[in-house]
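Okay, structure first, notes after.
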Amino acid sequence: MTMPISTDLVMFLLLVIAIACGWLLGRFQGKRSATLRMGRDVLPSIDFLLAENNDGALDRLLDVAEISDEAVDLYLNLGRIFRDKGQTEKAIQLHQNLFARTDLSEAAQLDVELELATDFLKAGLLDRAERLLHDLIQEEGHTQDQATRLLVQLYEEEQEWLSILELHKNSKLQDLPDITSRISQAACEYAFELFSKGSFLESHKYLKLALKVNPLCARANIIFAQIAASQNEPAEAIRCYLKALKQDNNAMLAVLPDMVKCFTQLEDFKGLDKQLETHWENNHAIEVLVTRVKLLAKQGKQQRGIEILLTELFQHPSNQGFFALVEMVVNEKAVLNSSQLMSVYDILRRIVETEYKYVCRSCGFKAIEHHWRCPSCKDWANLTATI
Ligand SMILES: [Zn+2]
């Protein structure tokens, strides 16, 4: 007796399932065709958008009720291309339209804000860029690091060192290695301004800050040294110069003339000679060697200077060093013995061997050996002798 009921029920259920399947299929297909339509209508290619020579085209494209993340990416790429091509007004228009929307995801909103700030920077609208970047560095989003870099860069270009230091003081800057070094440079710049105005104590305060932020900031110790030298304290200045060189031996060329002055003021030629000798041994900066032998000549030790130059240039041939050698021989009317002349010949031969003999007329590539095909620009038969 229960069989007919079960059959009806099964039939009924099958019917319901069939209708449901049909509805779902229809819905799926409808959705699919809608997506395809959206794909064609809303997301044209970048090439198409760039080829569109109509200012209203962007407004029309943005005039849609909802905008997907995919579309936001496309617009952001397009905006960057406009900006890179120097069409900043177009980039700003596009990004401002996007920025005004309320339907973007939080991440997309931040991306758009960063792009807009970058447009303003490029267009020289610094106040507007500054406002957006201030806003972005407060947001703990993926754009925070980049916004920090751009804001610091903006203040660097405007030489607003105090603005950078103020942000640092209020813990608004991200703890990034490049930012740390830029904060210490900002402190040094400001300290140097104060030093130039005669505010030595205030200057010291910012130099200490520079070293606190970045203990390897050699420039802070160089300014400490310059202040000491200006106060007629050569020994203290030397102490600071040497500290700076320990932090960064590349600073030598920047401090060499001033450091020589301080040693000379103290008549500590032995100490200076030792410093220059050690630095030359460790770094082989030819200017240091030349300074050393010139100082020896000034003290009447020309022969010693010539000996040092011949020995060192043989190991490290250089035009500048060779010039200093010849200059010393001429100025001092020095007479070289046959073994010394042989050394001079060897040094010159080694310098000539490392010189470029050919240059490419197309791209300026320099070569020691002849090439029929330029290794740089790949042009044929374009290498000519250097003059
Ligand atoms: Zn070339």
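The values are calculated or read from the model by the stated rules, or taken from the named source; none is laboratory data. If you're wondering where the values come from, they're calculated on a predicted model, not measured in any experiment. In this analysis, Cβ positions are derived from the backbone assuming ideal geometry, glycine residues included, and neighbour counts consider all displayed protein chains. Keep in mind that these areas ignore ligands, DNA and RNA; they rest on the heavy atoms of the full protein, side chains included. Shrake-Rupley method; radii C 1.70, N 1.55, O 1.52, S 1.80 Å.
Give me the residue from region 94-151 that is basic (Lys, Arg) and in a helix (DSSP H, G or I) and, out of that set, most open to solvent (accessible area, probe 1.4 Å). Break it down stepwise before answering.
The first filter runs over region 94-151 and keeps only residues basic (Lys, Arg), leaving 101, 122, 128, 131, 149.
Applying the additional criterion that residues be in a helix (DSSP H, G or I) yields 122, 128, 131, 149.
Working: 122: 117, 128: 107, 131: 156, 149: 75 Å².
Filtering first and then ranking leaves 131.
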Matching residues in region 170-182 (in contact with a helix residue (DSSP H, G or I) (Cβ under 9 Å, 6 or more places away or on another chain) and open to solvent by 10 Å² or more (accessible area, probe 1.4 Å)) number 8
Where the second residue is open to solvent by 30 Å² or more (accessible area, probe 1.4 Å) and the first is in a loop (DSSP other than H, G, I, E, B) and lies in region 171-182, which pairs have Cβ atoms under 6 Å and are six or more apart or on separate chains?
174/145
Looking at region 98-126, I want the residues that are in contact (Cβ under 8 Å) with a residue 12 or more places away in the chain and have a partner that is among the small types (Gly, Ala, Ser) and open to solvent by 50 Å² or more (accessible area, probe 1.4 Å) with Cβ atoms under 8 Å, at least 6 apart or on another chain. Which pairs are those?
none
Please determine whether any residue of region 253-261 is in contact (Cβ under 8 Å) with a residue 12 or more places away in the chain, more than 31 Å from the chain's Cα centre (by Cα) and under 27 Å from residue 321 (Cβ atoms).
yes
If I filter region 341-359 for residues that are over 30 Å from residue 310 (Cα atoms) and either open to solvent by 30 Å² or more (accessible area, probe 1.4 Å) or away from the ligand (no atom under 16 Å from the Cβ) (or both), do I get at least one hit?
yes
Please indicate, with yes or no, whether at least one residue in region 300-309 is more than 16 Å from the ligand (Cβ to nearest atom), in a helix (DSSP H, G or I) and over 30 Å from residue 264 (Cα atoms).
no
Whichever residue in region 364-375 is surrounded by 14 or more Cβ atoms within 10 Å (Cβ to Cβ) and not in a strand (DSSP E or B) and, among such residues, is farthest from the ligand (Cβ to nearest atom):
371
Just one of the numbered conditions (1) away from the ligand (no atom under 16 Å from the Cβ); (2) open to solvent by 60 Å² or more (accessible area, probe 1.4 Å); (3) outside any helix (DSSP H, G or I); (4) in contact with a Lys or Arg (Cβ under 9 Å, 6 or more places away or on another chain) is not true of residue 314; which one?
(3)
Looking for whichever is crowded, with 16+ Cβ neighbours inside 10 Å, at pLDDT below 90 and away from the ligand (no atom under 16 Å from the Cβ) here; the options are 324, 334, 285. Which one fits?
324
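For every residue, the table says whether it meets (1) touching a Leu at 6+ places or on another chain (Cβ under 6 Å); (2) crowded, with 20+ Cβ neighbours inside 10 Å; (3) not assigned by TED's automatic domain parsing to the domain that holds residue 263.
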{"residue": "202", "(1), (2), (3)": "yes, no, no"}
{"residue": "210", "(1), (2), (3)": "no, yes, no"}
{"residue": "217", "(1), (2), (3)": "yes, yes, no"}
{"residue": "220", "(1), (2), (3)": "yes, yes, no"}
Sort through 263, 322 and tell me the only one that's closer than 30 Å to residue 223 by Cα, part of a helix (DSSP H, G or I) and touching a Leu at 6+ places or on another chain (Cβ under 8 Å).
263
